[in-house]
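Report on the structure given below.
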Amino acid sequence: MEFIIRKAKIDDVNRIHDLTNSMASEGLMLPRSKYKIISMLLNFYVVADENDYVVGAAALTPLWTDMAEIMSLSLDKDYHKQGLGRKLVEYIIQEARAIHFPKLIALTYQVEFFKKMGFTITDKDQFPRKLWRECLECPKLERCDETAMYLDL
Ligand SMILES: CC(C)(COP(=O)(O)OP(=O)(O)OC[C@H]1O[C@@H](n2cnc3c(N)ncnc32)[C@H](O)[C@@H]1OP(=O)(O)O)[C@@H](O)C(=O)NCCC(=O)NCCS
């Protein structure tokens with residue numbers, strides 16, 4: 001089976017919502033409302049098979065002129081460990097480079113995966129603009145247990 005990476009379409013909203021929230025229900029990532037996914041839809045990329053069935057998604061979100069964040073990365077469990085997470089993240093890295101972001105960041109529980117993608121662990125305090133935005137809406141604000149990581153582009 002061949003897989004492609006493409007920009008998300010409005011038809012993908014329910015599938016992206018299912019993917020992120022099934023992973024979130026296992027505590028692997030933060031949940032996203034359907035409204036949030038729709039409002040971020042232009043930031044989303046998906047992995048789709050030959051029948052255009054979406055098996056993974058992630059968003060490239062600008063934080064400021066000096067950095068963007070890779071958010072809501074999720075691959076269907078049936079498709080893990082086939083190189084698709086790498087394919088999606090590498091695609092997003094290329095997109096971020098093409099837009100001339102100097103840095104890409106991630107807040108994640110998947111430290112080993114992101115290390116393999118070239119990211120380095122850092123302190124969350126390095127990302128004040130992230131803290132001003134998403135983190136203020138997060139129920140885990142005061143007890144965030146995700147690891148901050150970055151990649152110089
Ligand atoms: C993290 C995730 C995206 C990885 O996707 P994947 O398609 O299984 O990863 P890949 O097959 O592309 O793996 C790329 C490399 O990372 C490694 N890797 C993948 N998941 C890993 C993990 N959980 N721990 C350690 N290494 C891991 C692979 O072994 C592979 O290494 P290699 O290149 O040396 O062979 C996927 O497991 C997932 O969706 N998890 C649940 C949601 C989540 O945690 N998202 C992150 C939110 S920031």
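Across the stretch 74-90, the number of residues qualifying as part of a strand (DSSP E or B) and either open to solvent by less than 10 Å² (accessible area, probe 1.4 Å) or modelled with pLDDT under 95 (or both) comes to 1. Sort through Ala98, Ala68 and tell me the only one that's in contact with a helix residue (DSSP H, G or I) (Cβ under 6 Å, 6 or more places away or on another chain) and either more than 22 Å from Ile37 (Cα to Cα) or of a type in the set (Gly, Ala, Ser) (or both). Matching residue, one of Ala98, Ala68: Ala68. Listed by first and then second residue, the pairs with beta-carbon distance under 8 Å, at least 6 apart or on different chains, first residue in the stretch 1-16 and among the charged types (D, E, K, R), second surrounded by fewer than 13 Cβ atoms within 10 Å (Cβ to Cβ), are Glu2/Glu50; Lys7/Leu42. Flag not set for Asp66, criterion: at pLDDT 95 or above and more than 18 Å from Thr108 (Cβ to Cβ). Restricting to the stretch 40-71, and then to whatever is open to solvent by less than 10 Å² (accessible area, probe 1.4 Å) and without any contact (Cβ under 8 Å) to a residue 24 or more places away in the chain, can you tell me which residue is farthest from the ligand (Cβ to nearest atom)? The extreme case among them is Thr61. Within the stretch 22-72, can you find the residues that are closer than 20 Å to Thr147 by Cα and among the polar types (S, T, N, Q)? Ser25, Thr61, Ser72 - these are the residues of the stretch 22-72 that are closer than 20 Å to Thr147 by Cα and among the polar types (S, T, N, Q).
Any residue that is crowded, with 17+ Cβ neighbours inside 10 Å and in contact (Cβ under 8 Å) with a residue 60 or more places away in the chain - is there at least one of those in the stretch 22-31? Yes, that holds for at least one residue. Only one entry of Tyr109, Tyr53, Tyr45 meets the criterion of being of a type in the set (Phe, Trp, Tyr) and touching an Asp or Glu at 6+ places or on another chain (Cβ under 7 Å), and that entry is Tyr109.
Only a single criterion out of (1) closer than 17 Å to Gly85 by Cβ; (2) part of a helix (DSSP H, G or I); (3) open to solvent by 80 Å² or more (accessible area, probe 1.4 Å) is not satisfied by Arg15, namely (3). In the stretch 72-116, which residues are among the acidic types (Asp, Glu), in contact with a Leu (Cβ under 9 Å, 6 or more places away or on another chain) and within 12 Å of the ligand (Cβ to nearest atom)? Passing the criteria: only Asp76. Report yes if some residue within the stretch 23-39 is assigned to a helix (DSSP H, G or I), over 15 Å from the mean Cα position of the chain (by Cα) and within 13 Å of the ligand (Cβ to nearest atom); otherwise report no. Within the stretch 23-39, one or more residues are assigned to a helix (DSSP H, G or I), over 15 Å from the mean Cα position of the chain (by Cα) and within 13 Å of the ligand (Cβ to nearest atom). Scanning the stretch 117-149 for residues that are away from the ligand (no atom under 13 Å from the Cβ) and of a type in the set (Ser, Thr, Tyr), which turns out modelled with the highest pLDDT? Within the stretch 117-149, the match that is modelled with the highest pLDDT is Thr120.
The values are calculated or read from the model by the stated rules, or taken from the named source; none is laboratory data. Every value quoted in this text rests on a predicted model; they were computed, and no experiment measured them. We place every Cβ from the backbone using ideal geometry, glycine too, and count neighbours over all the protein chains shown. Quick note on the areas: whole protein, heavy atoms, side chains included, nothing else; ligands and nucleic acids left out. Shrake-Rupley method; radii C 1.70, N 1.55, O 1.52, S 1.80 Å.
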